[in-house]
Number of protein chains: 2
Amino acid sequence: MDCDVLVIGAGILGMSTAYHVKLANPGSRVVVVDWFGGPGQGNSAKSEGGFRNLFTSETNFLLADSTIDWMLHLEGELGHHIGVSRIGYLFLLSEEQYSGQRGAWDRIGGRAEMRVLDRGELEERIPALVTRFEEDEEAELLGLRDVDYGVLGVKCGAVDADALTRAYEELFLGLGGEVRYGTEVTGLVLKPEMELEIPGEPFVWQDALIRGAETSGGVIEAETTVVAAGVWSSRLMDPIGVDSHMRPKKRQIFAFKDPRLEPLFHVEGLNEFGTMPLTVLPKSNVLFRPEMSEGSVWMACADDLGRGFSLEDDPQAEEGYYTDDVYHVLSKYFPCFGDVRPMNSWAGHYAINGFDELPVVKSVPGMIYVGAASGSGIMKCDAIGRVAAALHAGKEEAELFGGRRFRVSDLGIHQRRAERETLVI
Amino acid sequence: MDCDVLVIGAGILGMSTAYHVKLANPGSRVVVVDWFGGPGQGNSAKSEGGFRNLFTSETNFLLADSTIDWMLHLEGELGHHIGVSRIGYLFLLSEEQYSGQRGAWDRIGGRAEMRVLDRGELEERIPALVTRFEEDEEAELLGLRDVDYGVLGVKCGAVDADALTRAYEELFLGLGGEVRYGTEVTGLVLKPEMELEIPGEPFVWQDALIRGAETSGGVIEAETTVVAAGVWSSRLMDPIGVDSHMRPKKRQIFAFKDPRLEPLFHVEGLNEFGTMPLTVLPKSNVLFRPEMSEGSVWMACADDLGRGFSLEDDPQAEEGYYTDDVYHVLSKYFPCFGDVRPMNSWAGHYAINGFDELPVVKSVPGMIYVGAASGSGIMKCDAIGRVAAALHAGKEEAELFGGRRFRVSDLGIHQRRAERETLVI
């Protein structure tokens, strides 16, 4: 056996899992492989990096809330520069949208730090925001909703996902973990539990299990193989018939730096920085946030029906996407975007779990799969890594950062906790 | 609009849905398209055709039990020759397997017609069966379990899936439904709810919906498009980003006709035909059944880990699969298979829902998806068609054949009834 645990994928979930597995088993040999040259270079570092604990399902709340606590600890007490800025998370909502989620606000209000702002307060604090579109024919054509409420998550914000992944790498290496970059995994190794040395093994009548991976650096045998390859997981798991429970969906980010966007950096009373929070518009799942480190604004859109499932080799932001699909909506609510062009853009993929949009942490003989995080893997990374490590240790419960407990099988398949999240973007 | 309802796929689920939709809306124009030249030519007619009501989950039981009642009615009262033979469904189990499912037998016993046979009775009735492998080194190597119990589903058996699909077609055509064979669907048509005639529609800010399909016979516009294309559904739905919740998995059937298998046709007391029931071995999910019409035996195997997800254009049974993967197990339990070679074999694909192996009937704007039946679509076909028709009619409940009611959202996604089925093969 070349190692005890082989982790495929040095993205945020792979690194978090590797760290927590190694932490729980300091004497064991844990090896992470990735075909990129560094950590988080797949989709983690392409993330928009927002985090929130505003969720209606208990599962989502626990995963995210404890991970936020961990990130604050990582930067505050442990001194890792991961760029956590608690700029807040602001849902702008119409009366109808707000009322439709009344049960949600009640559930969230009791546990997250949530503030509700009415239209008057929004208009006062955010002069750049248009809340009413009376008589505006273009707004009507666009189907824009008026803004009646703002729901602000105070314990929310943004993190440098790249730095966060690197922090895990540093912690993992500090424990004696090994990472091999530039190593392509070409397949999982399936073996019979009891090898008979007959060509063609494993046969159907043999109990089979995963015993490592074939890589560009040769076969790496492992007692346990963790597949945390994000949207690429299917390429490894499909050939052995293990469901990754996810489909890749392209996501684009457009970055703006323009003096006309200055008003977004001068907003009082919503966070400690005097900026707009990460802001979700009432239409088309368009969101943007200030990126404090560079004084820019990052914009994204979680488009759904019509955005196909596909995995592009070199995904790029689409020129017309901003102009035709997002710009009109964005500039109606925030006219300061008028005629401002993106200075930069990039794209990646979400690994969407079409059933409940919750991550999957499941075991298969010899293997653990960690994935299908549906675009919220970064904000739940620490909890997911702990759940995976608990599964590896054969425990029924994981202890999340801060001491709260989480039933491991809640993220599995057969006894999965089915809870509908109503606050989806 | 070319039609009210366009059903893509003339397989068993498409035809059942088309029939039930047409039955509920006699005046509406319902059109079925399929690229094959007749009904059920994809995977339906390749099925092994077994049916059972022995399930532990309420959902599975209702779907299958009511469909069995329907099939008996279809053949008995309506006079369609669909080859229903209630040969029974026999699970051969070790003591451990039997005990592990004790809760299941209790649940099933109360509603299905189930008989438990002990080893003595099995040996007496089935002289061809080997129940004990003491001192047999090969059996030990194969990991074979002794047979201690037989659980027999009396209201189970086999049906001619091809004839069943044709019966639906006949009923559907009789109501004035239309079918166009040899029609390839190349894509779904996505339109904005309110068309503005701008090139590039629908944009992200428009509410979009499915409005029919592009086919080799031109665009067919429809108020509602039903996608029931089985394992091919992803090819249509992936491009618009709608999850089919299934992955294709190859399944093979081997047919035998040999005097040495005569003992399987002379078994007293298990069914009215004096034959073996459909029989599931205690190892490797190997099963076989007598095919009454031709005096042959059909054998299949539901292999799992190691059998990849993939969709072959022209799937064929694999020569070595019978010899290396199944033969040894089969011929140990039933030595009459010794040296008997298959006279015929074929292969198709299951559409496996990796979450709960239950079918999915869900609505998307302008569209209904019916699929992911995980290999048990035929035995649940009538209930699934009724659920789909109820969803189309906007009803919360479907009335199954015989009058039992079924909550439509139980097969949807957001309020899906999560129930673990423990009797899986």
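Filter the range B:317-328 down to the residues that are within 13 Å of another protein chain (Cβ to nearest Cβ) and touching a residue at least 12 places away in the same chain (Cβ under 8 Å) and list them by number. Those that are within 13 Å of another protein chain (Cβ to nearest Cβ) and touching a residue at least 12 places away in the same chain (Cβ under 8 Å): B:E318, B:Y321, B:Y322, B:D325, B:V326, B:H328. From the list A:G103, A:G83, A:G50, A:G88, which one is in contact (Cβ under 8 Å) with a residue 24 or more places away in the chain and either under 30 Å from A:R235 (Cβ atoms) or not small (G, A, S) (or both)? Only one candidate qualifies: A:G50. Looking only at residues of the range A:162-215 that are small (G, A, S) and open to solvent by less than 30 Å² (accessible area, probe 1.4 Å), we find that the one that is farthest from A:V364 (Cα to Cα) is A:A163.
The rows are residues; the columns are (1) touching a His at 6+ places or on another chain (Cβ under 8 Å); (2) closer than 24 Å to B:R211 by Cα.
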| site | (1), (2) |
| --- | --- |
| B:V364 | no, yes |
| B:V370 | no, yes |
| B:S376 | no, no |
| B:A383 | no, no |
| B:A398 | no, no |
| B:I413 | yes, yes |
| B:A418 | no, no |
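Exactly one residue out of B:R180, B:R145, B:R125 is closer than 27 Å to B:Y19 by Cβ and charged (D, E, K, R), and it is B:R180. Listed by first and then second residue, the pairs with beta-carbon distance under 8 Å, at least 6 apart or on different chains, first residue in the range B:62-77 and in contact (Cβ under 8 Å) with a residue 24 or more places away in the chain, second polar (S, T, N, Q) and buried (at least 24 other Cβ atoms within 10 Å of the Cβ), are B:A64/B:N53; B:A64/B:S376; B:D65/B:N53; B:I68/B:N53.
Residues considered: A:G218, A:G230. Of these, the only one that is among the small types (G, A, S), open to solvent by 10 Å² or more (accessible area, probe 1.4 Å) and within 16 Å of the chain's Cα centre (by Cα) is A:G230. For the range B:37-61, the set of residues classified as in a helix (DSSP H, G or I) and crowded, with 24+ Cβ neighbours inside 10 Å consists of B:S44, B:N60, listed by residue number. Could you list all residues from the range A:244-264 that are over 20 Å from the mean Cα position of the chain (by Cα) and surrounded by 20 or more Cβ atoms within 10 Å (Cβ to Cβ)? Of everything in the range A:244-264, those that are over 20 Å from the mean Cα position of the chain (by Cα) and surrounded by 20 or more Cβ atoms within 10 Å (Cβ to Cβ) turn out to be A:F256, A:L261, A:L264.
Taking strands (runs of 3 or more DSSP E) as the structural unit, those lying wholly within the range B:332-425 and holding at least 2 residues that are at pLDDT 95 or above and within 14 Å of another protein chain (Cβ to nearest Cβ) correspond to B:344-352, B:360-364, B:367-371.
Among the residues of the range B:223-252, the ones that are in contact with a Lys or Arg (Cβ under 7 Å, 6 or more places away or on another chain), within 25 Å of B:D2 (Cα to Cα) and in a strand (DSSP E or B) come to 0 in all.
Restrict the check to the range B:271-291 and report whether at least one residue is in contact with a Gly (Cβ under 6 Å, 6 or more places away or on another chain), open to solvent by 30 Å² or more (accessible area, probe 1.4 Å) and touching a residue at least 12 places away in the same chain (Cβ under 8 Å). No, that holds for no residue. For the range A:109-127, the tally of residues that are surrounded by 17 or more Cβ atoms within 10 Å (Cβ to Cβ) and touching a residue at least 60 places away in the same chain (Cβ under 8 Å) stands at 2. Being open to solvent by 20 Å² or more (accessible area, probe 1.4 Å) and at positive phi is a property that holds for A:E357.
On the given criteria, is A:D314 exposed (fewer than 15 other Cβ atoms within 10 Å of the Cβ), within 10 Å of another protein chain (Cβ to nearest Cβ) and at pLDDT 95 or above? Taking the combined requirement at face value, the residue does not satisfy it. Close Cβ contacts (under 7 Å, 6 or more residues apart or on different chains) running from residues in the range B:246-266 that are farther than 30 Å from A:H245 by Cβ to residues that are assigned to a helix (DSSP H, G or I) and among the aromatic types (F, W, Y) comprise B:F254/B:Y322. Strands (runs of 3 or more DSSP E) fully within the range B:94-189 that include at least 2 residues being more than 18 Å from B:M276 (Cβ to Cβ) and out of contact with any Gly (no Cβ under 6 Å at 6 or more places or on another chain): B:178-180. For B:P342, the conditions (1) of a type outside the set (A, V, I, L, M); (2) touching a strand residue (DSSP E or B) at 6+ places or on another chain (Cβ under 9 Å); (3) free of Cβ contacts under 8 Å to residues at least 40 places away in the same chain; (4) in the same structural domain as B:F256 (by TED's automatic domain parsing) are fulfilled apart from (3). Checked against (1) out of contact with any helix residue (DSSP H, G or I) (no Cβ under 8 Å at 6 or more places or on another chain); (2) more than 30 Å from B:G338 (Cα to Cα), B:G200 meets all criteria but (1). Of all residues in the range B:298-307, those satisfying the criterion of being within 12 Å of another protein chain (Cβ to nearest Cβ) and open to solvent by less than 20 Å² (accessible area, probe 1.4 Å) are B:A300, B:C301, B:A302, B:D303.
Figure legend. Inter-residue proximity from the range A:200-212: first residues without any contact (Cβ under 8 Å) to a residue 12 or more places away in the chain, second residues acidic (D, E), beta-carbon distance below 7 Å, spacing 6+ or different chains. Indicated pairs: A:G200/B:D324; A:E201/A:E195; A:F203/B:D324; A:F203/B:D325; A:V204/B:D303; A:V204/B:D325; A:W205/B:D325.
The values are calculated or read from the model by the stated rules, or taken from the named source; none is laboratory data. Values in this document were obtained by computation on a predicted structure and should not be read as measured data. Glycine gets a Cβ as well: all are built from the backbone with ideal geometry, and neighbour counts include every protein chain shown. With ligands, DNA and RNA removed, areas are computed over all heavy atoms of the protein, side chains included. Shrake-Rupley method; radii C 1.70, N 1.55, O 1.52, S 1.80 Å.
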